[in-house]
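Following: one structure in structure tokens, then a few remarks.
The values are calculated or read from the model by the stated rules, or taken from the named source; none is laboratory data. Note that the structure is predicted; figures quoted are calculated from it, not measured. Here Cβ is always computed from backbone atoms with ideal geometry, including for glycine, and neighbour counts include all displayed protein chains.
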Amino acid sequence: MNRFAELLDRLAYEPGRNNKLRLIADYLRTTPDPERGWALAALTGALSFKYAKGGMIRALIAERTDEVLFALSYDYVGDLSETVALMWPAPIPPLQGEGGREAAGWGPEVSGKQTPPGGLRPPPSLTDIVETLSTLGKAQLPGQIARWLDGLDETGRWALLKLLTGALRIGVSARLAKTAAASLGGKPPDEVEVMWPGLTPPYVQLFAWLEGKGDKPASNDPAPFHPPMLAHAIGEPELAVLDAADFVAEWKWDGIRVQAVAGEDDHGHLVTRLYSRTGEDISRSFPDLIEALRRSAAIDGELLIRRDSRIQSFNVLQQRLNRKAVTPKLLAEFPAHLRAYDLLADGGHDLRGHPFIERRKRLEHFVARLNDPRVDLSPLVPFASWPELIAARADPGAAGAGDDAPAVEGVMLKRRDSLYVPGRPTGPWWKWKRDPMTIDAVLMYAQRGHGKRSSFYSDYTFGVWKSVDGEDRLVPVGKAYFGFTDDELKEIDRFVRRHTVERFGPVREVTHDADTGLVLEVAFEGLQRSTRHRSGVAMRFPRVSRLRWDKPPREADRIETLEKMLAQAEHGRAPAAPLLARASNPALA
Amino acid sequence: MRPEDVLVPTPSGVCCKAGGFHIDPTRPVDRALITHGHSDHARAGHGLVVATQETLDIMRLRYGDNFAGRTQAVRYGETLTIDDVTVSFHPAGHVLGSAQIKVERKGLRVVASGDYKDRPDPTCAPFELVSCDVFITEATFGLPVFRHHDAEGEVDKLLHSVALFPERAHLVGAYSLGKAQRVMAMLRGRGYDRPIHIHGALETITRYYQERGVALGDIELVRGAKKSELAGTITIAPPSAIGDLWSRRFPDPVAAFASGWMRVRARARQRGISLPLVISDHADWDGLTTTIAATGCSEVWVTHGQEDALVHWSRARGLKAQPLDIVGYGDENEHDEIAPEPGGA
């Protein structure tokens, strides 16, 4: 457990994805079975560890420490598990050599600590902990936790308490942990992802296969994940080299790419699962969709919210995604919908080796037979030439998307003859996103980045003008930390260092008045109302698209510009709302 | 005889009126007894400075030849007498030359510990327990959450990281007097025999440690090294240099920091550290409490750090205890800012 704790500790501090991968892979490579398997289970969330509540931990520490000292310590550290991990009165290992406690003539007993009978306890392994918890009664839990804590060091105790309270939060996704495991055998992560639902901790067979000591674990999963096919981005100038006749177009929906898979198990029961793009099983969050999938198939499509026969914007979908508990009220308010655009398997037949046009026909047929309002077809966008498609992209509402237009974020181009190839092959599929929204904002604060950027001011808070008590002031509206080139980063960093007006720890406030300051063109994908931001709006995916050294801050945008954009996002076609309001006003009628 | 007849606390340090001297005064005085060379305890401008030879040398290196009117070197265990006051210096185990100062008058013994630690340190004399009636203790890490008992384990953590990321440079923040050299010596103790790189701000003190016979192995200035040459190396630098422009010369540096503060996660995160190393030159909570108990003192004065918890602990054990309000101690850590390295940013 101490080694696993060291890994968690290091992961919690390490910002870089590749470095996290290396750390996890190193641990998995050098840790024996079944310990590493339980660790992988903990990292992928396959272990449900919510055994201890804060109250129990508090009671344990209260029995062992002075109340005043605990209060002072908790106040200083600010986190219960961490405070308890650090304060826990574990026996101090005797020190060797000169200058130690022994040399000075006294030992740990002077401190009045309770040394457990029989001296130091051996630290429990993660395997011990998992196995014991599976059989332990509730009444025995506090005593058992205390014994484990006695045997662990500070980091070990911290990790144990975080595991037991279900609050790991070390910035590692299940996908990342699986990718690290796959790297042990030089396998593509998708290969592990596909077999994952058929595996159970501690994954002894998986590791044996990855290390070349055993056969590939056989998957008899009736509803497996299929690694998805992804598209490269394209722009208008590049269209010229492509022949419009080779392609079909679909709307690119602003939802979540999912895969809905259903298949029969050995007993003839239908097993249905919904996977995220990375293969995580998200079925439990969408029971309303799961029950709609009553036929054996694998559908590639977009998860959206459909209300009043209209596809809702991403803002609405996000409100459902943000809730943890799936309540009947949530299901009624935010009904999940699957807009299907590809069929990877039909009744047990793998279709991925067939051309798109053929799969599309099968899909149309399948959706018609399923006949469920929660699943429909993503329509094709008719076009005969590139100019026609350019026009459709510019106005999806008029080109067939109708009331669903606010949920369209561009078009997809797919070659008629494209096979379904996992990964991101170049050529068969293209995504052409709508142009992002942009504003000109003023840099207000800058913060140092992490990892490679730790010596650069690379996280920027920017603001726009707002009239406050009759005076124009800049109010912060968002934060961006990418979008710029390495050279631009150096330029901004230099600006920040030369124009610092105040420092708050790692944050610097920079000059931002009407005449002096740095104007950033910020691009973003959407806007929504937010109570967490002082300005009342939150941007989706904001990034610095251009440095406007040429523009004085006074010419940056005002908050009203954002409010107008927000109104457009909320009402679809913006001009409709005010016109309607005026017409219904009796004074004007 | 009251403790105040031996030593009186004042806002600028403790003062012995009968002997006419101050200990670690924070303003210039006629006669100063200095426990160790850190800048919050050892200041320039006193008339006479009495300290160990190492502390005097360190003050000279940091402040120049005219740091005091006169100096007097004293050996550990040697007794000085001023009227009816006797004074002796005893190893504090904090940094090279660090001492606790025992002041005795008419049978009442007061020990001013300065900063101390009761853990092994290959770069300085081990802490000596001195029996006394009144113990003046520091409290930098005076909360029971601070425990630093496994410095070797922390050095191993660093070495494991170096082995795991051979293409990256490891930058270890360490206070320039004491901690930096201790980390070097401990790396040697764990078998690391490649050159250790240092920031220019550490050069003078590090060379002095080597002159005094502290074995640190091959130490090289990082200045002038090419970026690619620094892959897989360990560089020790003042903490403030870790997130500084200076760090850009290293390939994808791993930011480490060797300090007792690294025990608390929020402190490490605030500094943007990705490899915190809990290595401290101050006594931790267990060290403070075991030391207080072992001195046999009946009264404790707590000078700087987390006084409340230690005063509470002492009183709960039937000792008289009070916090001393001395302004300016404990700042070495925060003010260990670097002068720009000569010959480049």
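Of the residues B:Gly20, B:Gly45, only one is more than 25 Å from B:Val300 (Cβ to Cβ) and within 22 Å of the chain's Cα centre (by Cα); which? From the options B:Gly20, B:Gly45, the qualifying one is B:Gly45.
Here's the yes/no breakdown for (1) surrounded by fewer than 18 Cβ atoms within 10 Å (Cβ to Cβ); (2) under 21 Å from A:Ala90 (Cβ atoms); (3) at pLDDT 85 or above; (4) within 12 Å of another protein chain (Cβ to nearest Cβ):
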position: B:Ala283; (1), (2), (3), (4): no, yes, yes, yes
position: B:Asp286; (1), (2), (3), (4): no, yes, yes, yes
position: B:Thr290; (1), (2), (3), (4): no, yes, yes, yes
position: B:Glu299; (1), (2), (3), (4): yes, no, yes, no
position: B:Ala309; (1), (2), (3), (4): no, yes, yes, yes
position: B:Glu334; (1), (2), (3), (4): yes, no, no, no
position: B:Ile338; (1), (2), (3), (4): yes, no, no, no
position: B:Pro342; (1), (2), (3), (4): yes, no, no, no
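Restricting attention to segment B:71-129, the residues that are over 26 Å from B:Arg182 (Cα atoms), out of contact with any Cys (no Cβ under 7 Å at 6 or more places or on another chain) and charged (D, E, K, R) total 6. Would you confirm, using the coordinates I've provided, whether A:Phe524 is of a type in the set (Phe, Trp, Tyr) and on the phi > 0 side of the Ramachandran plot? Against the criterion (of a type in the set (Phe, Trp, Tyr) and on the phi > 0 side of the Ramachandran plot), A:Phe524 does not qualify.
Within segment B:200-221, the set of residues being in contact with an Asp or Glu (Cβ under 9 Å, 6 or more places away or on another chain) and either closer than 23 Å to B:Ala163 by Cβ or hydrophobic (A, V, I, L, M, F, W, C) (or both) comprises B:Ala201, B:Gly217, B:Asp218, B:Ile219, B:Leu221. All of A:Thr500, A:Thr461, A:Thr485, A:Thr516 fail the test of being of a type in the set (Val, Ile, Thr) and within 14 Å of chain B (Cβ to nearest Cβ), apart from A:Thr500.
Residues in segment B:113-140 that are among the hydrophobic types (A, V, I, L, M, F, W, C), within 11 Å of another protein chain (Cβ to nearest Cβ) and under 16 Å from the mean Cα position of the chain (by Cα): B:Cys124, B:Ala125, B:Phe127.
Restricting attention to segment B:260-270, and to residues there that are more than 16 Å from A:Leu80 (Cα to Cα) and at the interface with chain A (Cβ under 8 Å from one of its Cβ atoms), which single residue is nearest to the chain's Cα centre (by Cα)? Residue satisfying both the conditions and the ranking: B:Ala268. Among the residues of segment B:250-266, those that are in a helix (DSSP H, G or I) and either more than 24 Å from B:Trp313 (Cα to Cα) or not aliphatic (A, V, I, L, M) (or both) comprise B:Gly260, B:Trp261, B:Arg263, B:Arg265, B:Ala266.
Filtering A:Arg157, A:Arg175, A:Arg169, A:Arg147 for residues that are under 24 Å from the mean Cα position of the chain (by Cα), under 30 Å from A:Glu63 (Cβ atoms) and charged (D, E, K, R) leaves a single hit, A:Arg169. Among the residues of segment B:221-232, those that are surrounded by 14 or more Cβ atoms within 10 Å (Cβ to Cβ) and without any contact (Cβ under 8 Å) to a residue 60 or more places away in the chain comprise B:Leu221, B:Val222, B:Ala225. The conditions of being free of Cβ contacts under 8 Å to residues at least 60 places away in the same chain and either surrounded by 18 or more Cβ atoms within 10 Å (Cβ to Cβ) or within 30 Å of A:Ala569 (Cβ to Cβ) (or both) are not met by A:Asp440. In segment A:62-77, the qualifying residues are those that are aromatic (Phe, Trp, Tyr) and more than 17 Å from B:Ala316 (Cα to Cα), and the one that is nearest to the other protein chains (Cβ to nearest Cβ) is A:Tyr76.
When the strands (runs of 3 or more DSSP E) confined to segment B:57-176 are screened for residues that are among the charged types (D, E, K, R) and at pLDDT 95 or above, those reaching at least 1 such residues are found at B:68-73, B:99-105, B:108-112.
B:Phe141 satisfies every condition listed in (1) buried (at least 23 other Cβ atoms within 10 Å of the Cβ); (2) in contact with a Leu (Cβ under 6 Å, 6 or more places away or on another chain) except (2). Restricting to segment B:147-167, and then to whatever is crowded, with 21+ Cβ neighbours inside 10 Å and farther than 19 Å from A:Leu7 by Cα, can you tell me which residue is nearest to the other protein chains (Cβ to nearest Cβ)? Only one residue tops the list, namely B:Arg147.
Against the numbered list (1) more than 30 Å from A:Ala567 (Cα to Cα); (2) touching a Ser or Thr at 6+ places or on another chain (Cβ under 7 Å), A:Asp493 comes up short only at (2).
Checked against (1) without any contact (Cβ under 8 Å) to a residue 40 or more places away in the chain; (2) within 26 Å of B:Arg315 (Cα to Cα), B:His282 passes all but a single condition, namely (1). Of the residues making up segment A:299-322, those that are in a loop (DSSP other than H, G, I, E, B) and within 11 Å of A:Phe334 (Cα to Cα) are A:Asp308, A:Gln312.
Considering only residues in segment A:172-192 that are touching an Asp or Glu at 6+ places or on another chain (Cβ under 8 Å) and more than 17 Å from A:Ile282 (Cα to Cα), the one that is surrounded by the fewest Cβ atoms within 10 Å (Cβ to Cβ) turns out to be A:Gly185.
Condition check ((1) modelled with pLDDT under 95; (2) surrounded by 19 or more Cβ atoms within 10 Å (Cβ to Cβ); (3) touching a strand residue (DSSP E or B) at 6+ places or on another chain (Cβ under 9 Å); (4) assigned to a loop (DSSP other than H, G, I, E, B)) across all residues:
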{"position": "B:Ile236", "(1), (2), (3), (4)": "no, yes, yes, no"}
{"position": "B:Arg248", "(1), (2), (3), (4)": "yes, no, no, no"}
{"position": "B:Ala268", "(1), (2), (3), (4)": "yes, yes, yes, no"}
{"position": "B:Ile273", "(1), (2), (3), (4)": "yes, yes, yes, yes"}
{"position": "B:Ser280", "(1), (2), (3), (4)": "no, yes, yes, yes"}
{"position": "B:Arg315", "(1), (2), (3), (4)": "no, no, yes, no"}
{"position": "B:Val327", "(1), (2), (3), (4)": "yes, no, no, yes"}
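Annotation: A:Gln568 fulfils all but one of (1) of a type outside the set (Lys, Arg); (2) within 26 Å of the chain's Cα centre (by Cα); (3) at pLDDT below 90; the unmet one is (2). Of all residues in segment A:1-47, exactly one satisfies the criterion of being more than 14 Å from chain B (Cβ to nearest Cβ) and without any contact (Cβ under 8 Å) to a residue 60 or more places away in the chain, namely A:Pro32.
Does at least one position in segment B:189-202 carry a residue that is within 14 Å of another protein chain (Cβ to nearest Cβ), crowded, with 17+ Cβ neighbours inside 10 Å and small (Gly, Ala, Ser)? Checked segment B:189-202: no residue is within 14 Å of another protein chain (Cβ to nearest Cβ), crowded, with 17+ Cβ neighbours inside 10 Å and small (Gly, Ala, Ser). Among residues belonging to segment B:239-254 that are at the interface with chain A (Cβ under 7 Å from one of its Cβ atoms) and among the charged types (D, E, K, R), point out the one that is nearest to A:Leu489 (Cα to Cα). The selected residue is B:Arg248. Checking segment B:68-91 against the condition returns a match, with at least one residue being of a type outside the set (Ser, Thr, Tyr) and within 14 Å of another protein chain (Cβ to nearest Cβ).
So is A:Leu23 within 20 Å of A:Ala85 (Cβ to Cβ) and either assigned to a helix (DSSP H, G or I) or of a type in the set (Ser, Thr, Tyr) (or both) or not? For A:Leu23, the condition - within 20 Å of A:Ala85 (Cβ to Cβ) and either assigned to a helix (DSSP H, G or I) or of a type in the set (Ser, Thr, Tyr) (or both) - is not met.
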